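The values are calculated or read from the model by the stated rules, or taken from the named source; none is laboratory data. It should be emphasised that the depicted structure is a prediction, and the values quoted were computed from it without experimental measurement. Ideal geometry is used to build each Cβ from the backbone, glycine not excepted, and the neighbour counts take in all protein chains shown.
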Amino acid sequence: MRSRAIRVARSEGETARRALLDAGKLRTDLRIRVDDGEVVLPVGEGSLPVAGAVVEEEFIRQGEPEAARRYQDLVSLPPDRRALLPRAFDVIGDIVLVRIPDELESDGPAIGDALLRFVPGARLVGADGGVHGTDRRRSLRALAGKGGWRTHHRENGIEIEVDVEQAYFSPRLAREHARVAEAVRPGETVYDLCCGVGPFSLAIARDARARRIVAVDHNAAATDLLRASLARMAPSVPVDVVEDDVERFLKSAGPADRAILNLPLQGIKYLPSVSRVVRPGGSIHYYEVTERAELDARAMTIMDRVGGPREWVIRDHREVHAYSPSSDLRSYTFERRGDA
(Lines give C-alpha, C1' and ligand atoms only; values in the text may rest on other atoms or scores of the structure.)
Protein backbone atom coordinates (compact mmCIF):
# COMPACT_ATOMS: atom_id res chain seq x y z
CA MET A 1 0.00 0.00 0.00
CA ARG A 2 1.28 3.47 -0.90
CA SER A 3 1.59 6.04 1.89
CA ARG A 4 3.21 9.31 2.82
CA ALA A 5 6.44 8.56 4.67
CA ILE A 6 9.55 10.09 6.19
CA ARG A 7 13.10 8.81 5.71
CA VAL A 8 15.61 9.17 8.54
CA ALA A 9 19.09 7.76 9.18
CA ARG A 10 19.01 4.30 10.71
CA SER A 11 20.75 5.62 13.84
CA GLU A 12 17.80 8.03 14.33
CA GLY A 13 15.08 5.50 13.54
CA GLU A 14 13.94 4.55 17.05
CA THR A 15 13.94 8.17 18.27
CA ALA A 16 11.90 9.23 15.23
CA ARG A 17 9.49 6.30 15.66
CA ARG A 18 8.78 7.22 19.28
CA ALA A 19 8.31 10.92 18.48
CA LEU A 20 5.90 10.13 15.63
CA LEU A 21 4.00 7.62 17.75
CA ASP A 22 3.66 10.10 20.65
CA ALA A 23 2.38 12.76 18.24
CA GLY A 24 -0.16 10.39 16.66
CA LYS A 25 1.51 10.71 13.25
CA LEU A 26 2.88 7.18 12.81
CA ARG A 27 0.72 4.84 10.73
CA THR A 28 0.60 1.70 12.84
CA ASP A 29 -1.41 -0.19 10.21
CA LEU A 30 1.69 -0.37 7.97
CA ARG A 31 5.07 -2.00 8.52
CA ILE A 32 8.14 0.20 8.95
CA ARG A 33 10.88 -0.48 6.37
CA VAL A 34 14.67 -0.34 6.49
CA ASP A 35 16.34 0.61 3.20
CA ASP A 36 20.12 0.87 2.69
CA GLY A 37 20.97 2.55 5.99
CA GLU A 38 17.72 4.50 6.34
CA VAL A 39 14.47 3.83 8.16
CA VAL A 40 11.26 4.58 6.24
CA LEU A 41 8.35 5.36 8.55
CA PRO A 42 4.75 5.55 7.23
CA VAL A 43 3.06 8.73 8.47
CA GLY A 44 -0.24 10.60 8.26
CA GLU A 45 -0.88 14.07 6.86
CA GLY A 46 0.14 17.37 8.42
CA SER A 47 3.32 18.64 10.08
CA LEU A 48 5.72 16.12 11.59
CA PRO A 49 7.71 16.34 14.82
CA VAL A 50 10.93 14.98 13.26
CA ALA A 51 13.16 16.15 10.41
CA GLY A 52 13.80 14.05 7.33
CA ALA A 53 12.93 13.60 3.67
CA VAL A 54 9.16 13.34 3.19
CA VAL A 55 8.41 10.91 0.37
CA GLU A 56 5.74 8.52 -0.90
CA GLU A 57 6.55 4.82 -0.55
CA GLU A 58 5.03 1.37 -0.77
CA PHE A 59 4.44 -0.51 2.50
CA ILE A 60 3.13 -3.91 3.58
CA ARG A 61 0.03 -3.84 5.75
CA GLN A 62 0.33 -5.26 9.25
CA GLY A 63 -0.88 -8.87 9.19
CA GLU A 64 -0.23 -9.42 5.47
CA PRO A 65 2.06 -12.33 4.52
CA GLU A 66 5.72 -11.38 4.49
CA ALA A 67 7.05 -10.72 1.01
CA ALA A 68 10.62 -11.52 -0.02
CA ARG A 69 12.89 -9.49 2.24
CA ARG A 70 15.52 -8.99 -0.47
CA TYR A 71 15.30 -8.98 -4.25
CA GLN A 72 18.32 -11.32 -4.21
CA ASP A 73 16.02 -14.05 -2.92
CA LEU A 74 14.22 -13.93 -6.28
CA VAL A 75 17.36 -14.47 -8.39
CA SER A 76 18.42 -18.04 -9.16
CA LEU A 77 22.23 -18.11 -9.17
CA PRO A 78 24.93 -20.36 -7.73
CA PRO A 79 26.12 -19.22 -4.27
CA ASP A 80 29.44 -17.83 -5.54
CA ARG A 81 27.63 -15.64 -8.09
CA ARG A 82 24.83 -14.65 -5.70
CA ALA A 83 27.48 -13.08 -3.48
CA LEU A 84 28.22 -10.61 -6.30
CA LEU A 85 24.64 -9.34 -6.62
CA PRO A 86 24.44 -5.57 -5.99
CA ARG A 87 22.94 -4.73 -2.61
CA ALA A 88 21.69 -1.23 -3.46
CA PHE A 89 19.44 0.12 -6.22
CA ASP A 90 17.62 3.39 -6.87
CA VAL A 91 13.89 3.85 -7.36
CA ILE A 92 12.92 6.94 -9.37
CA GLY A 93 9.18 7.15 -9.90
CA ASP A 94 8.25 3.79 -11.41
CA ILE A 95 11.79 3.11 -12.69
CA VAL A 96 14.44 1.03 -10.90
CA LEU A 97 18.14 1.57 -11.66
CA VAL A 98 20.87 -0.83 -10.62
CA ARG A 99 24.63 -1.10 -11.20
CA ILE A 100 25.48 -4.54 -12.60
CA PRO A 101 29.03 -5.76 -11.91
CA ASP A 102 30.96 -6.94 -14.97
CA GLU A 103 30.99 -10.51 -13.66
CA LEU A 104 27.15 -10.60 -13.75
CA GLU A 105 26.62 -8.82 -17.07
CA SER A 106 25.00 -11.90 -18.64
CA ASP A 107 22.65 -12.20 -15.64
CA GLY A 108 21.27 -8.67 -16.10
CA PRO A 109 17.82 -9.78 -17.37
CA ALA A 110 17.36 -12.14 -14.39
CA ILE A 111 18.34 -9.37 -11.98
CA GLY A 112 15.98 -6.98 -13.76
CA ASP A 113 13.09 -9.45 -13.58
CA ALA A 114 13.69 -9.97 -9.84
CA LEU A 115 13.70 -6.22 -9.16
CA LEU A 116 10.57 -5.73 -11.26
CA ARG A 117 8.78 -8.27 -9.07
CA PHE A 118 10.32 -7.04 -5.82
CA VAL A 119 9.75 -3.27 -6.03
CA PRO A 120 6.05 -2.34 -5.70
CA GLY A 121 4.78 -0.29 -8.64
CA ALA A 122 7.92 -0.78 -10.74
CA ARG A 123 7.38 -0.46 -14.49
CA LEU A 124 10.93 -0.57 -15.90
CA VAL A 125 14.31 -1.76 -14.61
CA GLY A 126 17.53 -0.46 -16.14
CA ALA A 127 21.24 -1.19 -15.81
CA ASP A 128 22.92 2.06 -14.79
CA GLY A 129 26.25 2.61 -16.56
CA GLY A 130 26.97 5.88 -14.78
CA VAL A 131 26.70 9.60 -15.56
CA HIS A 132 28.83 10.95 -18.40
CA GLY A 133 29.62 14.17 -20.25
CA THR A 134 28.94 17.84 -19.55
CA ASP A 135 25.18 17.25 -19.75
CA ARG A 136 25.43 14.50 -17.07
CA ARG A 137 23.43 11.91 -18.98
CA ARG A 138 23.21 8.32 -17.76
CA SER A 139 24.20 5.32 -19.85
CA LEU A 140 21.23 2.96 -19.49
CA ARG A 141 20.23 -0.47 -20.71
CA ALA A 142 16.72 -1.85 -20.20
CA LEU A 143 16.72 -5.14 -18.28
CA ALA A 144 13.03 -5.80 -17.66
CA GLY A 145 9.66 -4.09 -17.96
CA LYS A 146 8.42 -1.71 -20.60
CA GLY A 147 8.10 1.95 -21.61
CA GLY A 148 10.49 4.88 -21.73
CA TRP A 149 12.83 6.54 -19.26
CA ARG A 150 10.58 9.48 -18.38
CA THR A 151 8.65 9.35 -15.10
CA HIS A 152 7.19 11.38 -12.23
CA HIS A 153 9.06 11.14 -8.95
CA ARG A 154 7.61 12.33 -5.64
CA GLU A 155 9.73 13.55 -2.73
CA ASN A 156 9.23 16.14 0.00
CA GLY A 157 5.64 16.62 -1.14
CA ILE A 158 6.69 17.64 -4.67
CA GLU A 159 6.12 15.89 -7.99
CA ILE A 160 9.27 16.11 -10.11
CA GLU A 161 9.39 15.51 -13.85
CA VAL A 162 12.36 13.23 -14.54
CA ASP A 163 13.92 11.60 -17.59
CA VAL A 164 16.64 9.39 -16.11
CA GLU A 165 18.39 9.02 -19.47
CA GLN A 166 18.41 12.67 -20.50
CA ALA A 167 19.06 14.65 -17.29
CA TYR A 168 20.70 14.17 -13.90
CA PHE A 169 18.64 13.29 -10.85
CA SER A 170 19.46 11.28 -7.71
CA PRO A 171 16.76 10.10 -5.28
CA ARG A 172 19.52 9.63 -2.67
CA LEU A 173 19.63 13.40 -2.13
CA ALA A 174 16.04 13.80 -0.94
CA ARG A 175 17.13 14.62 2.62
CA GLU A 176 19.66 17.17 1.31
CA HIS A 177 17.02 18.86 -0.85
CA ALA A 178 14.84 19.25 2.26
CA ARG A 179 17.72 20.32 4.53
CA VAL A 180 18.95 23.08 2.23
CA ALA A 181 15.39 24.33 1.63
CA GLU A 182 14.88 24.58 5.39
CA ALA A 183 18.04 26.71 5.71
CA VAL A 184 16.79 29.41 3.31
CA ARG A 185 15.88 32.64 5.10
CA PRO A 186 13.06 34.99 4.08
CA GLY A 187 13.93 37.33 1.24
CA GLU A 188 16.98 35.47 -0.05
CA THR A 189 18.15 35.28 -3.66
CA VAL A 190 19.26 31.69 -4.34
CA TYR A 191 21.38 30.38 -7.21
CA ASP A 192 20.90 26.65 -7.93
CA LEU A 193 23.90 25.88 -10.16
CA CYS A 194 24.17 22.67 -12.22
CA CYS A 195 20.57 22.20 -11.10
CA GLY A 196 19.68 19.12 -13.17
CA VAL A 197 15.88 18.72 -13.08
CA GLY A 198 15.76 21.22 -10.19
CA PRO A 199 14.90 19.34 -6.96
CA PHE A 200 16.67 21.96 -4.81
CA SER A 201 14.86 24.80 -6.58
CA LEU A 202 11.50 23.05 -6.33
CA ALA A 203 11.89 22.39 -2.59
CA ILE A 204 12.92 26.01 -1.96
CA ALA A 205 10.07 27.35 -4.10
CA ARG A 206 7.61 25.14 -2.23
CA ASP A 207 8.57 26.76 1.08
CA ALA A 208 8.08 30.27 -0.41
CA ARG A 209 10.67 32.04 1.78
CA ALA A 210 13.12 33.00 -0.96
CA ARG A 211 12.57 36.23 -2.84
CA ARG A 212 14.02 34.82 -6.07
CA ILE A 213 15.48 31.53 -7.30
CA VAL A 214 17.71 31.16 -10.36
CA ALA A 215 18.21 27.57 -11.61
CA VAL A 216 21.08 27.10 -14.09
CA ASP A 217 22.06 24.07 -16.15
CA HIS A 218 23.84 23.54 -19.46
CA ASN A 219 21.56 20.62 -20.42
CA ALA A 220 18.45 21.79 -22.30
CA ALA A 221 16.63 18.53 -21.47
CA ALA A 222 17.12 19.21 -17.75
CA THR A 223 15.83 22.77 -17.90
CA ASP A 224 12.82 21.68 -19.96
CA LEU A 225 11.95 19.08 -17.31
CA LEU A 226 12.27 21.67 -14.55
CA ARG A 227 9.94 24.03 -16.41
CA ALA A 228 7.41 21.19 -16.69
CA SER A 229 7.58 20.58 -12.92
CA LEU A 230 7.19 24.30 -12.21
CA ALA A 231 4.18 24.53 -14.52
CA ARG A 232 2.49 21.79 -12.52
CA MET A 233 3.54 23.27 -9.18
CA ALA A 234 2.81 26.96 -9.95
CA PRO A 235 4.95 28.32 -7.06
CA SER A 236 4.42 31.79 -5.64
CA VAL A 237 8.19 32.45 -5.67
CA PRO A 238 9.71 33.43 -9.04
CA VAL A 239 12.02 30.73 -10.41
CA ASP A 240 14.16 31.82 -13.37
CA VAL A 241 15.31 28.77 -15.35
CA VAL A 242 18.51 29.49 -17.30
CA GLU A 243 20.07 27.19 -19.89
CA ASP A 244 23.73 28.19 -19.75
CA ASP A 245 27.23 27.21 -18.71
CA VAL A 246 27.77 28.04 -15.03
CA GLU A 247 30.99 30.01 -15.61
CA ARG A 248 29.39 32.12 -18.32
CA PHE A 249 26.31 32.74 -16.22
CA LEU A 250 28.35 33.83 -13.19
CA LYS A 251 30.33 36.40 -15.19
CA SER A 252 27.25 38.62 -15.45
CA ALA A 253 25.24 37.39 -12.44
CA GLY A 254 24.26 39.78 -9.68
CA PRO A 255 24.83 39.02 -5.98
CA ALA A 256 23.12 36.09 -4.26
CA ASP A 257 22.53 35.18 -0.63
CA ARG A 258 22.88 31.45 -1.16
CA ALA A 259 24.39 29.27 -3.88
CA ILE A 260 24.07 25.50 -4.39
CA LEU A 261 26.69 23.69 -6.47
CA ASN A 262 25.99 19.98 -6.97
CA LEU A 263 28.56 18.81 -9.51
CA PRO A 264 30.42 16.22 -7.44
CA LEU A 265 33.29 15.31 -9.79
CA GLN A 266 33.98 18.67 -11.47
CA GLY A 267 32.40 21.42 -9.39
CA ILE A 268 35.55 22.60 -7.64
CA LYS A 269 36.65 24.45 -10.78
CA TYR A 270 33.62 26.76 -10.42
CA LEU A 271 34.04 27.55 -6.71
CA PRO A 272 36.16 30.73 -7.11
CA SER A 273 33.52 32.21 -9.43
CA VAL A 274 30.66 31.11 -7.17
CA SER A 275 32.28 32.65 -4.10
CA ARG A 276 32.58 36.04 -5.81
CA VAL A 277 28.80 36.41 -6.25
CA VAL A 278 27.78 35.42 -2.69
CA ARG A 279 27.10 38.37 -0.39
CA PRO A 280 28.69 38.75 3.08
CA GLY A 281 26.66 36.59 5.45
CA GLY A 282 25.64 34.34 2.55
CA SER A 283 26.26 30.60 2.10
CA ILE A 284 27.51 28.05 -0.42
CA HIS A 285 26.26 24.44 -0.34
CA TYR A 286 28.88 22.44 -2.22
CA TYR A 287 28.81 18.70 -3.02
CA GLU A 288 31.87 16.63 -3.82
CA VAL A 289 33.01 13.02 -3.94
CA THR A 290 35.76 12.83 -1.30
CA GLU A 291 38.19 10.01 -0.64
CA ARG A 292 37.90 8.95 3.01
CA ALA A 293 41.68 8.88 3.39
CA GLU A 294 41.81 12.58 2.43
CA LEU A 295 38.87 13.75 4.52
CA ASP A 296 40.79 15.62 7.24
CA ALA A 297 42.63 17.86 4.78
CA ARG A 298 40.02 18.13 2.06
CA ALA A 299 37.72 20.69 3.75
CA MET A 300 40.61 23.18 4.03
CA THR A 301 41.67 22.54 0.44
CA ILE A 302 38.14 23.41 -0.67
CA MET A 303 38.17 26.42 1.67
CA ASP A 304 41.21 27.78 -0.19
CA ARG A 305 39.29 27.49 -3.49
CA VAL A 306 36.36 29.39 -1.99
CA GLY A 307 38.55 32.25 -0.79
CA GLY A 308 40.25 31.28 2.44
CA PRO A 309 39.49 31.53 6.17
CA ARG A 310 39.75 35.31 6.27
CA GLU A 311 36.58 35.57 4.22
CA TRP A 312 34.84 32.25 4.82
CA VAL A 313 34.02 29.81 7.61
CA ILE A 314 33.02 26.14 7.31
CA ARG A 315 29.62 25.79 8.95
CA ASP A 316 29.09 22.11 8.24
CA HIS A 317 30.43 19.13 6.33
CA ARG A 318 28.79 15.73 6.34
CA GLU A 319 28.53 12.41 4.53
CA VAL A 320 25.49 12.24 2.24
CA HIS A 321 25.99 8.64 1.09
CA ALA A 322 28.70 6.19 0.14
CA TYR A 323 29.96 6.60 -3.43
CA SER A 324 32.56 3.83 -3.75
CA PRO A 325 34.40 1.45 -1.41
CA SER A 326 36.88 4.24 -0.61
CA SER A 327 34.89 7.47 -1.04
CA ASP A 328 31.67 9.28 -0.08
CA LEU A 329 29.52 12.01 -1.54
CA ARG A 330 29.90 14.82 1.01
CA SER A 331 28.13 18.12 1.59
CA TYR A 332 30.19 21.18 2.55
CA THR A 333 28.50 24.38 3.74
CA PHE A 334 30.57 27.59 3.71
CA GLU A 335 29.42 30.95 5.06
CA ARG A 336 30.96 34.25 3.99
CA ARG A 337 31.99 36.38 6.94
CA GLY A 338 29.74 39.36 7.52
CA ASP A 339 32.63 41.82 7.35
CA ALA A 340 34.14 40.31 4.18
| said: The conditions are (1) touching a residue at least 60 places away in the same chain (Cβ under 8 Å); (2) over 30 Å from Ser252 (Cβ atoms), and Asp107 fails exactly one of them. Which is it? | reply: (1)
| task | Using the structure shown, decide if Glu14 is among the acidic types (Asp, Glu) and surrounded by 13 or more Cβ atoms within 10 Å (Cβ to Cβ). | result | no
| query | Of the residues in segment 268-316, how many are at pLDDT below 90 and under 19 Å from Arg248 (Cα atoms)? | reply | 0
| When you go through (1) surrounded by 13 or more Cβ atoms within 10 Å (Cβ to Cβ); (2) more than 26 Å from Gly267 (Cβ to Cβ) one by one for Glu103, which number turns out not to apply? | (1)
| Ile213 being part of a strand (DSSP E or B) and either of a type in the set (A, V, I, L, M, F, W, C) or free of Cβ contacts under 8 Å to residues at least 40 places away in the same chain (or both) | yes
| remark: Subset of segment 9-27, residues under 17 Å from Ala53 (Cβ atoms) and either touching a residue at least 60 places away in the same chain (Cβ under 8 Å) or assigned to a helix (DSSP H, G or I) (or both), comes to Arg10, Ser11, Glu12, Gly13, Thr15, Ala16, Arg17, Ala19, Leu20
| said: So, in segment 32-60, exactly how many residues are farther than 20 Å from Glu159 by Cβ, in contact with a helix residue (DSSP H, G or I) (Cβ under 8 Å, 6 or more places away or on another chain) and either aliphatic (A, V, I, L, M) or in the same structural domain as Gly121 (by TED's automatic domain parsing) (or both)? | reply: 6
| field | Lone qualifier among Asp328, Asp244, Asp296 - being acidic (Asp, Glu) and free of Cβ contacts under 8 Å to residues at least 24 places away in the same chain | value | Asp296
| query | Out of curiosity, is Leu97 at pLDDT 90 or above, touching an Asp or Glu at 6+ places or on another chain (Cβ under 7 Å) and outside any strand (DSSP E or B)? | reply | no
| field | Residue identified as modelled with pLDDT of 95 or more and either under 26 Å from Ala5 (Cβ atoms) or in contact with a His (Cβ under 9 Å, 6 or more places away or on another chain) (or both) among Arg150, Arg141, Arg172 | value | Arg150
| What do you reckon, is Leu202 surrounded by 19 or more Cβ atoms within 10 Å (Cβ to Cβ), in contact with a strand residue (DSSP E or B) (Cβ under 7 Å, 6 or more places away or on another chain) and modelled with pLDDT of 95 or more? | yes
| Near pairs, Cβ below 9 angstrom, 6+ apart or cross-chain, from segment 149-163 (free of Cβ contacts under 8 Å to residues at least 40 places away in the same chain) to any residue that is surrounded by fewer than 16 Cβ atoms within 10 Å (Cβ to Cβ) | Arg150/Glu165
| request: Run down Ala174, Ala208, Ala144, Ala122 and say which single residue is under 26 Å from Glu319 (Cα atoms), in contact (Cβ under 8 Å) with a residue 24 or more places away in the chain and either in contact with a Phe, Trp or Tyr (Cβ under 7 Å, 6 or more places away or on another chain) or outside the structural domain of Ala51 (by TED's automatic domain parsing) (or both). | output: Ala174
| query | Which of the residues that make up segment 28-57 are under 27 Å from Arg87 (Cβ atoms), of a type in the set (D, E, K, R) and assigned to a loop (DSSP other than H, G, I, E, B)? | reply | Arg31, Asp36
| query | Given (1) at pLDDT below 95; (2) under 24 Å from Val8 (Cα atoms); (3) crowded, with 20+ Cβ neighbours inside 10 Å, where does Gly157 come up short, assuming only one miss? | reply | (3)
